[in-house]
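Contents: one structure, followed by commentary.
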Amino acid sequence: SAAEKGGWSSFMAKEISEQPEAVANTLRTRIHDDHVVLPDLAGLEDSLAGIDRIVIIACGTASYAGMLGKYAIEKWARIPIEVQLSHEFRYSEPVLSPTTLVVSISQSGETMDTLMAVKYAIEAGAKTLSICNTQGATIARESDAVIYTHAGPEVAVASTKAFVAQIAALYLFGLHLAEVRGTLSAEATKEALGELSSIPGKLEQVLLTKERIQELAKWMSDSRAVLFLGRHVGYPVALEGALKLKELAYIHAEGFAAGELKHGPIALIEPGQPVFVVVPSPRDPNSLHAKVVSNIQEIRARGARILAIAEQGDAAVLPFADEVIPIPLAGALFEPLLAVVPLQIFAMELATAKGLDVDQPRNLAKSVTVE
Ligand code: G6P
């Protein structure tokens with residue numbers, strides 16, 4: 001009903017706007033004196049220090065949160081991590097042992113593919129942790145421990161606020177694990193926690209770009225295909241941007257790792273092809289900014305229309321982009337929490353411009369409880 005939407009045109013619009021609180025509520029009570037405090041992990045207390053490998057399993061949007069978790073947790077906790085789609089996991093005959101931690105990520109906590117993967121992991125003797133948004137959900141109950149995301153109920157079929165909350169929860173877990181393993185200095189932990197705590201305020205700023213993106217989406221509403229490029233943590237953001245556009249606007253959309261362009265996808269570029277590019281910060285310690293800017297030049301020379309999501313004040317992108325959507329400054333690992341928002345809004349606004357139901361896209365279900 002209109003009342004449930006709190007004045008918003010759709011649950012999706014409401015949930016996109018709730019992302020600052022979704023992150024803030026997920027962090028709340030879990031950071032004290034520059035340390036992560038997660039009583040949620042009690043069920044894993046004895047085993048956490050002995051874990052030597054992590055496998056993250058999830059479907060859809062949650063799997064992209066998982067990919068981001070891999071970048072951050074490997075960096076901080078120096079532990080090998082692989083990310084698998086839940087429905088592929090069992091069939092690869094995964095190598096699991098009591099020192100493997102299987103982390104499942106699920107908004108609903110009821111996705112059958114993920115539940116079956118968790119059960120498989122338990123039977124194989126692995127330890128299990130779930131990141132879940134729904135109190136008492138089946139996957140949460142099956143797991144040794146659960147870190148709840150406190151995004152609040154998500155009604156729109158396509159996930160938005162649960163995604164940023166999942167990233168926040170994974171990052172908290174990563175910083176905690178780094179402390180357990182002694183792999184990160186107190187200074188670096190403090191800095192990362194500061195970055196994380198500043199995300200809700202920065203999300204408020206990103207939400208202000210809504211009207212501009214709405215114009216852009218209207219203008220692009222007859223697009224037949226849209227590409228998304230990103231690198232490092234920008235890559236899962238590109239994948240999520242493409243998924244949102246498929247789900248909501250029924251437009252063929254594909255995300256690529258920018259470095260992969262020259263190995264094939266660049267053949268798709270023809271005059272007028274819209275390409276969203278998630279540009280790393282010019283301050284990026286891996287110097288990926290220059291590489292992505294050079295990718296932009298390559299596809300621009302072939303006629304691509306460049307829609308860049310770039311850090312505020314990034315002057316290097318301006319001459320080559322048809323449109324720049326600015327995001328506030330953040331540490332490299334934290335940019336995805338901000339960069340994904342314009343892409344969510346774009347998909348929603350484009351679907352709206354096409355007259356589609358953004359809360360209930362065709363053929364999709366909020367929670368897929370069949371395999
Ligand atoms: C469905 C939804 C997606 C969601 C995926 C995983 O396909 O349409 O938006 O990302 O399930 O859902 P979960 O509840 O496990 O996070």
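The values are calculated or read from the model by the stated rules, or taken from the named source; none is laboratory data. In this text, all values refer to a predicted model and were calculated from it rather than measured experimentally. A quick note on method: Cβ atoms are made from the backbone with ideal geometry, for glycine too, and the neighbour counts reach across all protein chains shown.
Looking only at strands (runs of 3 or more DSSP E) that fall completely inside the stretch 212-311, which ones have 3 or more residues that are more than 20 Å from LEU337 (Cβ to Cβ) and out of contact with any His (no Cβ under 9 Å at 6 or more places or on another chain)?
Working: elements: 225-230, 252-257, 274-278, 305-311.
Here the list reads 252-257.
Okay, residues lined up against (1) among the aromatic types (Phe, Trp, Tyr); (2) touching a Cys at 6+ places or on another chain (Cβ under 8 Å); (3) more than 14 Å from the ligand (Cβ to nearest atom):
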residue: ASN133; (1), (2), (3): no, no, no
residue: ALA168; (1), (2), (3): no, no, yes
residue: TYR171; (1), (2), (3): yes, no, yes
residue: ALA217; (1), (2), (3): no, no, yes
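If you scan the stretch 332-361, which residues turn out to be surrounded by fewer than 19 Cβ atoms within 10 Å (Cβ to Cβ) and within 12 Å of the ligand (Cβ to nearest atom)?
Looking only at the stretch 332-361, we keep the residues that are surrounded by fewer than 19 Cβ atoms within 10 Å (Cβ to Cβ), and these are 353-357, 360.
Correct list: GLN360 only.
Kindly provide the set of residues from the stretch 24-47 that are surrounded by 13 or more Cβ atoms within 10 Å (Cβ to Cβ) and assigned to a helix (DSSP H, G or I), ordered by number. Even if it seems obvious, please write down each step before you answer.
Looking only at the stretch 24-47, we keep the residues that are surrounded by 13 or more Cβ atoms within 10 Å (Cβ to Cβ), and these are 24-27, 30-31, 34-38, 40-41, 43-44, 47.
The answer is ALA24, ASN25, THR26, LEU27, ASP40, LEU41, GLY43, LEU44.
So, of the residues in the stretch 53-110 that are basic (Lys, Arg) and at pLDDT 95 or above, which turns out to be nearest to the ligand (Cβ to nearest atom)? Outline the logic, then answer.
Of the residues in the stretch 53-110, the ones basic (Lys, Arg) are 53, 70, 75, 78, 90.
Applying the additional criterion that residues be at pLDDT 95 or above yields 53, 70, 75, 78.
Values: ARG53: 23, LYS70: 17, LYS75: 24, ARG78: 28 Å.
Across the stretch 53-110, the extreme among qualifying residues is LYS70.
Which residue out of LEU329, LEU318 is more than 16 Å from the ligand (Cβ to nearest atom) and within 19 Å of the chain's Cα centre (by Cα)? Break it down into steps so the answer makes sense when it comes.
Values: LEU318 fails: within 19 Å of the chain's Cα centre (by Cα).
None of the other options fit; the residue is LEU329.
Take GLU371 and tell me if it is more than 23 Å from the chain's Cα centre (by Cα), within 16 Å of the ligand (Cβ to nearest atom) and among the acidic types (Asp, Glu).
Considered against the rule, which asks whether it is more than 23 Å from the chain's Cα centre (by Cα), within 16 Å of the ligand (Cβ to nearest atom) and among the acidic types (Asp, Glu), GLU371 comes out as yes.
Going through LEU333, LEU356, LEU343 one at a time, which residue ends up being in contact with a strand residue (DSSP E or B) (Cβ under 9 Å, 6 or more places away or on another chain) and either modelled with pLDDT of 95 or more or at positive phi (or both)? If you could, list the steps in order and put the result at the bottom.
Details: LEU333 fails: in contact with a strand residue (DSSP E or B) (Cβ under 9 Å, 6 or more places away or on another chain); LEU356 fails: in contact with a strand residue (DSSP E or B) (Cβ under 9 Å, 6 or more places away or on another chain).
Result of the check over LEU333, LEU356, LEU343: LEU343.
Condition check ((1) surrounded by fewer than 17 Cβ atoms within 10 Å (Cβ to Cβ); (2) modelled with pLDDT under 95) across all residues:
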site	(1), (2)
ALA225	yes, no
PRO236	no, no
GLY241	no, no
LYS244	no, no
ALA253	no, no
ALA258	no, no
LEU261	no, yes
LEU268	yes, yes
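Quick one: is SER143 more than 25 Å from LYS14 (Cα to Cα), touching a strand residue (DSSP E or B) at 6+ places or on another chain (Cβ under 6 Å), modelled with pLDDT of 95 or more and away from the ligand (no atom under 13 Å from the Cβ)?
On the way: more than 25 Å from LYS14 (Cα to Cα): yes; touching a strand residue (DSSP E or B) at 6+ places or on another chain (Cβ under 6 Å): yes; modelled with pLDDT of 95 or more: yes; away from the ligand (no atom under 13 Å from the Cβ): yes.
Here the answer is yes, as SER143 does meet what is asked.
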Taking only the stretch 1-23 into account, find how many residues are surrounded by fewer than 19 Cβ atoms within 10 Å (Cβ to Cβ) and in a loop (DSSP other than H, G, I, E, B).
-> 10
